[in-house]
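Remarks on the structure that follows.
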Amino acid sequence: MQNKKFKINQLQNIQQNYKYIYVFRYNDLKINEIITIKKKLKNLNYNIQILKQNITNKFFFEIKGQGSVLIIYGNEYVNLLNIMQAFKKTELIYLIVEKNIYSHLKLKNITSNSNNYINITLIQPFLNFLYYLRKTQKANIT
């Protein structure tokens, strides 16, 4: 019982003191994989906590299902999604940034929208320059 209270207090401290909290679900991570994740995250000034989901439900109401979750937390922004994609057994559930919660689906939409198009205000001057070059080349030929 004391262990559960300790973990609840630890989770409260994480939620109050850290700016970026990533919540992952994982399937059958081996001890070696957990150790390599911890080493990589330690180099990035991030910490890791593995908790049972019934403990996290008091703080993260949106998490559904059973089993353990992997909570990664820190104060500096690092693109952990690219790092964690190397581990196929992990799946991002939520990203919490300063009390704002982003689900996996919301993050997927944000990243896919930003990569599909380039802002027209950036491209337009370049296109105008190409048009001008073509026009001057035609004028020089004739």
**OP:** Among the candidates 43, 9, 17, 47, single out the residue that is at pLDDT 80 or above and in contact with a Gly (Cβ under 7 Å, 6 or more places away or on another chain).
**Re:** 47
**OP:** Starting from the stretch 11-40, keep only residues that are closer than 19 Å to residue 79 by Cβ, then list their pairs with residues that are of a type in the set (Val, Ile, Thr) and assigned to a helix (DSSP H, G or I) whose Cβ atoms are within a distance under 7 Å, requiring at least 6 positions of separation or different chains.
**Re:** 21/14; 40/83
Original post:
Which residue, of 88, 135, is part of a helix (DSSP H, G or I) and either in contact with a strand residue (DSSP E or B) (Cβ under 9 Å, 6 or more places away or on another chain) or at pLDDT 70 or above (or both)?
Top reply: 135
**OP:** Pick out the one residue from 56, 36 that is over 14 Å from the mean Cα position of the chain (by Cα) and at pLDDT below 75.
**Re:** 56
**OP:** Can you work out which of the residues in the stretch 1-39 that are touching a helix residue (DSSP H, G or I) at 6+ places or on another chain (Cβ under 8 Å) and more than 16 Å from residue 92 (Cβ to Cβ) is surrounded by the most Cβ atoms within 10 Å (Cβ to Cβ)?
**Re:** 11
**OP:** Note down all Cβ pairs under 9 Å where the first residue falls in the stretch 58-77 and is aromatic (Phe, Trp, Tyr), the second is assigned to a loop (DSSP other than H, G, I, E, B) and modelled with pLDDT of 65 or more, and they're at least six residues apart or on different chains.
**Re:** 73/18; 73/19; 73/46; 77/19
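The values are calculated or read from the model by the stated rules, or taken from the named source; none is laboratory data. Predicted model only: the values in this text are computed from it and were never measured. Please note: Cβ atoms are built from the backbone with ideal geometry, for glycine as well, and neighbour counts cover all protein chains shown.
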